[in-house]
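Participant: Just passing along the structure, written as structure tokens.
The values are calculated or read from the model by the stated rules, or taken from the named source; none is laboratory data. Please read these numbers as outputs of a predicted model, since none were measured by experiment. All Cβ positions, even for glycine, are placed from backbone atoms using ideal geometry, and neighbour counts span all protein chains on display.
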Amino acid sequence: MAIRCFVLDDEPPATDLLKDYIGRLPDLQLVGLSNSPTQALLFLQQNPIDVLFLDIQMPRLTGFDLLRPLGYRPKVIFTTAFREHALDSYEFDVVDFLVKPISFERFLQSVGKIYRFLPTTPAQPEAPEPIRPAKDYQYFKVDKEMVKLDLDDILWIESLKDYVRIHTATGPLVSYLRISYLEEKLPPNRFVRIHKSFIVSLEHIQAISATYIRVNNEEIPVGRIYKAKLDEVLQRR
């Protein structure tokens, strides 16, 4: 089921930008957007949503003021030009705090955090949705597209500083992401980091030695500081 999103910001360019970003991801459904806090509050009280992209500094009603009388607590991603609000925002079950201008890459990081919270905290507790299994796919930005990759097809991932090269059965793809972000995002029962520059799929390991792992007939080095974690993961399988 799609994740129901609402965008509230008193500046139309900001709502237009987030509308465009949300529209690029099929897992997200934009159920409404508004430039008026009071009108948005009335809508949200009658239409519970999953995720609220919320500005803080708005006329007549701040983002904090809107959340207190809402009656339920959606997952909140604050969007603001003022960094000094970051500390205050964390009393509201905040998922992330985005500082304007918001890039699409930074937006994707916030979306990735949403999945950690939603399965066990639905927006309507009186009619909870069944817990969904972990996704078997991820979206990666490749050039100007969001490419869907089945996790089964990922052999290993190689760090290129601010980019990663994702090796698949049909060839490599390069995406603008840091390997540390993917280490956190990918399911730990299926992927393990074995080196500062490499993450491998546990399902595709062909052989293991003291210094390397072989995947798809390629020898990938095992870093010394990652060896203990690798041994622990392999013992559990």
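Participant: Does the stretch 189-210 contain at least one residue that is surrounded by 19 or more Cβ atoms within 10 Å (Cβ to Cβ), at pLDDT 90 or above and aromatic (Phe, Trp, Tyr)?
Facilitator: For the stretch 189-210, residues surrounded by 19 or more Cβ atoms within 10 Å (Cβ to Cβ), at pLDDT 90 or above and aromatic (Phe, Trp, Tyr): present.
Participant: For the stretch 162-178, what are the residues that are among the β-branched types (Val, Ile, Thr), farther than 15 Å from residue 150 by Cβ and surrounded by 21 or more Cβ atoms within 10 Å (Cβ to Cβ)? Step through it out loud before you land on a result.
Facilitator: Step one: list which residues in the stretch 162-178 are among the β-branched types (Val, Ile, Thr), which gives 164, 166, 168, 170, 174.
Subset that is farther than 15 Å from residue 150 by Cβ: 164, 174.
Correct list: 164 only.
Participant: With the requirement that a residue be in contact with a helix residue (DSSP H, G or I) (Cβ under 9 Å, 6 or more places away or on another chain) and surrounded by fewer than 18 Cβ atoms within 10 Å (Cβ to Cβ), what does the stretch 42-61 give you?
Facilitator: Listed by number, the residues that qualify are 57, 59, 60, 61.
Participant: Filter the stretch 89-139 for residues that are within 24 Å of residue 65 (Cβ to Cβ) and part of a helix (DSSP H, G or I); which is modelled with the highest pLDDT?
Facilitator: 110
Participant: Residues 20, 10: which one is outside any helix (DSSP H, G or I), at pLDDT 85 or above and either surrounded by fewer than 20 Cβ atoms within 10 Å (Cβ to Cβ) or more than 23 Å from the chain's Cα centre (by Cα) (or both)?
Facilitator: After applying the criteria, what remains is 10.
Participant: Among the residues of the stretch 32-40, is any at pLDDT 85 or above and of a type in the set (A, V, I, L, M)?
Facilitator: Yes - at least one qualifying residue is present in the stretch 32-40.
Participant: Can you name every residue in the stretch 168-214 that is among the charged types (D, E, K, R), assigned to a strand (DSSP E or B) and touching a residue at least 12 places away in the same chain (Cβ under 8 Å)?
Facilitator: Start the filter on the stretch 168-214 by keeping residues that are among the charged types (D, E, K, R), which leaves 178, 183-185, 190, 193, 196, 203, 214.
Filter again for assigned to a strand (DSSP E or B), leaving 193, 214.
Listed by number, the list holds a single entry, 193.
Participant: Now a separate question. Any residue in the stretch 46-62 that is under 23 Å from residue 111 (Cβ atoms), more than 21 Å from the chain's Cα centre (by Cα) and at pLDDT 90 or above?
Facilitator: yes
Participant: Of the residues 175, 159, which single one is within 18 Å of residue 192 (Cβ to Cβ) and assigned by TED's automatic domain parsing to the domain that holds residue 217?
Facilitator: On the way: 175 fails: within 18 Å of residue 192 (Cβ to Cβ).
Result of the check over 175, 159: 159.
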